Structures are given as C-alpha cells and as structure tokens.
Amino acid sequence: MDVGIGLPTTVPDVDRDRLLGWAREADRFGFSSLGVLDRLVYDNYEPLVSLAAAAAVTERIRLATSILIAPYRPGTALLAKQLASLDELSGGRLVLGLAAGGREDDYRATGTAYGDRGRRLDAMVAELKDVWAGRGEGAGIGPHPRRGAPELIVGGHSPAAMRRAARIGDGWIAGGSSAAGYGALVRQAQEAWAEQGRTERPRMVGLLYACLGADARPVAERYLRAYYAFIGPKAEMAARAVITDAAQLKETLAEYAENGCDELLVFPCTAQAAQLELLAETTLG
C-alpha cells in the first residue's frame, strides 16, 4: 500500500513558508502523494492554487485533489484548463479526485444549485473529458493533460457515489472512516464496479487524520472540531477519532492495507515541520 500525506492547507497554523517547506520535505521523504482538501466557506488555501505552488517545489510526488468539489465551480471549460495546466506544469503528476460534497454553504457562496449537484458532477466530468480530447465547444482549449486525462478518483459513500465512481472513474476514495468500516465500503465499491461491467481493478484510496508528538490530542481535536463544526454534534466524534499514538497509526495502516486500500492519505492537524518528520518516521519507516 502506498502512503501519501495531506498538504496542510486547512490547519490554523499554516503559512506560505510552512506550506512550501512541507511540500518539499514530503517529496524528499518519499510519500506517494500530496493530497488537498476542498472547502470554500472556511479559512483555508484554495486547493488548486496550493497544488500549483507545491508543483513548483517538488519533482516526484503525485499531486492529488482528495477531493475537489467540482459542482460549485461555475464554468467547466475554465476548470478543464486549470486542471490541465496544473498537470502540465507538474510534469503529469495530477491525480483528480472529485465528489459532489456535502456543504450547502459552499454552493450558496457561488450561487450554484445544491440539490442536483450529483447530476451536474456527471455532466462536468463528461465535459472535462471532451475539452481535454478537443471535442465539441471545448475544441481549441489547451493545454491538454499529458496522459489524455488525469487519473480520476471519485469520492463519496452513498450508493449513487459508488455507481458514479464505477461509471466514470479509475478508482474510488473514502472520506474519513475506520479501517474496519473502510473494508465494507471497498466491497460496496467493487460490487458497483462489477454491476457496471467493469473488468479492470479500481484503485482504492482512503484518508485519515493523525497528529503525533507532545500535545498532539488537544491540537488535533481543537482543529477538527472547528473544521467539522458544520456537522454539529458529530464534529466531536470526528475529533475523537484522530490518531495520536504512533503504534496505533502503524496498526491502522496495516489494517487499511488488509482491507483493500491501495493508497492511504494521512492528513495532518498542524503544519509544523516536526510533525511531518514524525509522520514520515511512523508511516514510511
């Protein structure tokens, strides 16, 4: 199983120097991917801009939107150009994770509809592929992704999201869940793949939050309570689920691998450089 690391675009102590330093060191340590979260109505860095900055200071590591909430972004042709530009400027390292998202306020802020976001995501993916292939009204828009289109990983736990991944994706990504819960979700995704007549093996991706070292639990829980405040009382459950023990983190990685995970993205709760070193020592050692 590959182990990737989250780029700390949403944590409260991030700044320019810490973000760029984190990207450089993640590349040097040997993590498989840098993942970014997507929120609009929140005090965080925009994910595509953040990955573009990371692309400029890295050479090897994959750059993954994990995930990008595409349907609140007006203008699919522009998004196609932005994604293809990121892919080209990174040397073909973009992995495109997409999902419909579950925060209505993000949609209100851009004046886009929330209720039909799944249907519009399907239409957006079709248009993205048309633009990159030079078809239809998108003909003439460049650049084009190096492999024709970035690897597409579709997120979401609902049956509709599973079917979407099987119809249009190269793989599926889960949001935060337990290792045991992840195994059940993988089986559901694989069943959806079979129902769609897909014979190739989908790539299965997962993510978790971890924070190690002194004061890890209060630091992590404070951040996650704020980040997940929109889900009300369940934010406390998300905060308590964070892994703050190195031995537990190693055990959890092994459980994810046993449950069919091809790549696990470990998202941090602080942008301190020492935190990246601790996570690398624990997960890559």
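Among the residues of the stretch 261-275, those identified as outside any loop (DSSP other than H, G, I, E, B) and buried (at least 21 other Cβ atoms within 10 Å of the Cβ) are E263, L264, L265, V266, F267, Q275. Does the stretch 149-158 include one or more residues that are in a helix (DSSP H, G or I), touching a Phe, Trp or Tyr at 6+ places or on another chain (Cβ under 6 Å) and of a type outside the set (S, T, Y)? No, the stretch 149-158 has no match at all.
Can you tell me which residue is surrounded by the fewest Cβ atoms within 10 Å (Cβ to Cβ) among those in the stretch 7-49 that are closer than 20 Å to R222 by Cβ and of a type in the set (F, W, Y)? Across the stretch 7-49, the extreme among qualifying residues is Y42.
Entry remark, the stretch 193-252: residues being assigned to a loop (DSSP other than H, G, I, E, B), touching a Leu at 6+ places or on another chain (Cβ under 9 Å) and among the small types (G, A, S) number 2 in total.
Exactly one residue out of A184, A229 is more than 19 Å from the chain's Cα centre (by Cα), within 28 Å of L276 (Cβ to Cβ) and without any contact (Cβ under 8 Å) to a residue 24 or more places away in the chain: that is A229. All of R120, R135 fail the test of being among the charged types (D, E, K, R), surrounded by fewer than 14 Cβ atoms within 10 Å (Cβ to Cβ) and either in contact with a Pro (Cβ under 9 Å, 6 or more places away or on another chain) or over 26 Å from G6 (Cα atoms) (or both), apart from R135.
Going through (1) touching a strand residue (DSSP E or B) at 6+ places or on another chain (Cβ under 9 Å); (2) more than 19 Å from V49 (Cβ to Cβ); (3) not charged (D, E, K, R) one by one, V131 falls short only on (1). Of everything listed in (1) over 24 Å from A273 (Cβ atoms); (2) hydrophobic (A, V, I, L, M, F, W, C); (3) touching a Lys or Arg at 6+ places or on another chain (Cβ under 8 Å), the single unmet condition for C211 is (1).
A short reminder: the numbers here are calculations on the coordinates, not readings from a lab. The structure displayed is predicted, hence computed values, not measured ones. In this analysis, Cβ positions are derived from the backbone assuming ideal geometry, glycine residues included, and neighbour counts consider all displayed protein chains.
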